[in-house]
Amino acid sequence: MKLDVNVLRYLSKDDFRVLTAVEMGMRNHEIVPCELVDRIAGLKHGGTYKVLKNLLKYKLLHHDRSKYDGFRLTYLGYDFLAIKTLVNRGVFTGVGRQIGVGKESDIFEVAQEDGTILAMKLHRLGRTSFRAVKSKRDYLRHRSSFSWLYLSRLAALKEFAFMKALQEHDFPVPKAIDCNRHCVIMSLVQGYPMVQVKQLQNPETVFEKIIGIVVRLAEHGLIHCDFNEFNIMIDDEEKLTMIDFPQMVSVSHQNAQMYFDRDIECIFKFFRKRFNMTFQEDRDEADETEVEVDENSRPSFYDITKDANALDRELEASGFTKKEQNDLDKFIEGGMEKSEDSDENEKSDDEEETCESNEEENLNEMKSLKLQEKEQKSSDGVEEEAELDDNEKGESSGDEAGRDEELDKKLGKQRRRAMAAARGGRKSQSSRNTYKDKGGRSQNSKIHNNMSGGW
């Protein structure tokens, strides 16, 4: 969906209030019910429903009636929330043209108040191409429900944390400015992607610099995992800048060696094809006679010594916590095998167990009370047996039957209260005035009484 920032001019405070209400409701709901949106927004005189129609017109929300009447945020609505927050912070004042499109993000130019041009990266996980990759590689396994907005927010937060930490250790990365939701603001790199470069003045020097960056990253405890010609920027003076960091992992990862070797192979393959560079291993394959292979031609993962000041420890304090890392890994690698439905079933089973236990306790209490009353009645009946005649015995038996009925009614009420308390108020108890409010039985009974009185 194309980002049209001109719509921001026509949105009021109430519009952003309702958008924020839908975002808050999506923490616990895939589709947020209309009543919950109205309750969170808190607009007077039913203004929420009028605002919802306006937001639907600009495609900031999606209306879903499959299971119940509700709404969810679109990526365009999520973009407007992030842009509005960053503008209020004074990070930038205007949005310019689009300078990059990828399967996972869109990049735009933004301008500050003094005229400085920055880059705004909007993460958009869940596009058709990325979904196809996920279905083929079986990342989600048995999980059927997930939020792309939540994944995009985690990816943006992780990229901002990595970029900030790498910048502090003098790595050639863009300067991290700010981050909000799925949006990352960084300095604009004056250069071109390596894939667009056809020739270099010193290809050997550039190649050594790129391999040195990969090795230095591993020494600081990190592996890029997507280090290729698409994620390396180069300017006219052949100065390098690496971009795209959400997929970076630690050297202690179980697949760290595979990721490291893949990054090295991508660089070797690109320079071999694009700049016709030959390496020691290529010469060995071309020669018919056996030649000793130079062990220093390709860096090895096991030869790298990790620095004492590893960045993977510092990144936890930069904003990307361990819990968020685990959530992102579970979504991407398919570690989370239980779906949300199973969690809800477990909760409902626990509630039913507590309900049954409370009900049994109440039943036992009522039975004990009933036995005590019967014992008292039996003792009183033995003492008064000589004085009572046959009529009085009949009356006492009738009283006992009435009391038994009252105890049964109390027992039923106590059981219903215990079940409602155990369920945590999921099903609200119907009040005595419900029929009066809805014009039901009580109203009909009043009409019947008035007519009978007239007759």
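We did not get these values from a lab; they are worked out from the coordinates using the rules stated. Predicted, not measured: the structure shown is a model, and the values here were computed from it. Quick reminder, even Gly has a Cβ in these numbers, built from the backbone with ideal geometry, and neighbours come from all protein chains shown.
Annotation: average projected area of the stretch 144-189 is 3.6 square nanometres, based on the convex hull of Cα atoms across all directions.
Residues in the stretch 180-187 carry Karplus couplings, in order, of 8, 6, 9, 10, 10, 9, 9, 6 Hz; the curve used is 6.51 cos²θ - 1.76 cosθ + 1.60 with θ = phi - 60°, and Gly or Pro positions show x.
The mean of 1/r over all pairs of different alpha-carbon atoms in the stretch 21-62, once inverted, gives a Kirkwood hydrodynamic radius of 10.5 Å. For the stretch 175-231, the Kirkwood hydrodynamic radius from C-alpha pairs, put into Stokes-Einstein at 37 °C and a viscosity of 0.692 mPa s, yields a diffusion coefficient of 237 µm² per second.
Counting every alpha-carbon pair across the stretch 148-290, the share separated by more than 18 Å comes to 60%. In units of the rule-of-thumb radius 2.2 N^0.38 Å, the stretch 48-99 shows an alpha carbon radius of gyration of 1.42. Taking each of 2/103; 164/269; 175/209 in turn, the alpha-carbon distance tops 23 angstrom for 164/269.
When each of the peptides 71-81, 210-220 is scored by the mean number of other C-beta atoms lying within 10 Å of its residues, the order from highest to lowest reads 71-81, 210-220. With 0.36 nm allotted per residue and the present C-alpha distance subtracted, the residue 59-residue 4 stretch has 18.7 nm of extension available.
Calculation over all alpha carbon pairs of the stretch 15-129 in 10 angstrom steps from 0 returns a P(r) of 13, 37, 31, 17, 2, 0 percent.
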